[in-house]
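This report concerns only the one structure given below.
The values are calculated or read from the model by the stated rules, or taken from the named source; none is laboratory data. Remember, predicted model here, so these are calculated numbers, not experimental data. Cβ: placed from backbone, ideal geometry, glycine included. Neighbour counts: every protein chain shown. The accessibility values were calculated without ligands, DNA or RNA, using every heavy atom of the protein model including side chains. Shrake-Rupley method; radii C 1.70, N 1.55, O 1.52, S 1.80 Å.
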Amino acid sequence: MNETVTLFRPVGAKELALIEASDWQAFPPRLPEQPIFYPVTNEAYARQIARDWNVRHNVDKRGYVTRFTVRRDVSDQYDRKIVGGGMHEELWVPAEELDAFNAAIVGKIEVIAEYSEADL
């Protein structure tokens, strides 16, 4: 069996509903103004985004952290970018390659944390 890597994706309620509609097996296509799909490489960073960004900027004032595994041979094809401090590492997947990335997900996408205004 291929080796896998665990990644995280902070999402809002709209994106979470689309993930659920895929039976927890795929992330939705990017919007035209979103050329990159960027899962993050560590849970602490995903929690920070969900709590500090999603809760403040989403209409429903909620943020979620998803966790999933993907085949390493696929994840290794994409650049890792540090976008702040050392813990702020993202995998940059071009939007047009998201279907192939989704096909490499092993198992289901799961929600591991939920935040609301009460958590701020």
### Volume of the Cα convex hull of the chain, divided per residue and given in Å³
105
### Message
I'd like the carbon and sulfur percentage of the solvent accessible area for region 63-111, probe radius 1.4 Å, heavy atoms only, ligands and nucleic acids excluded.
### Response
47
### Query
Expressed in nm², what is the orientationally averaged projection area of the convex hull enclosing the Cα positions of region 1-69?
5.3
### Query
Using modelled backbone amide H atoms (1.01 Å from N, in-plane), which distant-in-sequence or interchain residues come within less than 5 Å of I36's amide H?
A95
### Task
Would you mind getting the accessible area per residue of the chain, heavy atoms of the protein chains only, 1.4 Å probe, in Å²?
55
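Given a 1.4 angstrom probe, I'd like the percentage of the accessible area of region 6-54 that is carbon and sulfur, rounded to a whole number.
The C+S portion of the solvent-accessible surface of region 6-54 is 57 percent.
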### Task
Place the peptides 102-111, 79-88, 6-15 in order of packing, highest mean first, counting for every residue the other Cβ atoms within 10 Å and averaging per peptide.
6-15, 102-111, 79-88
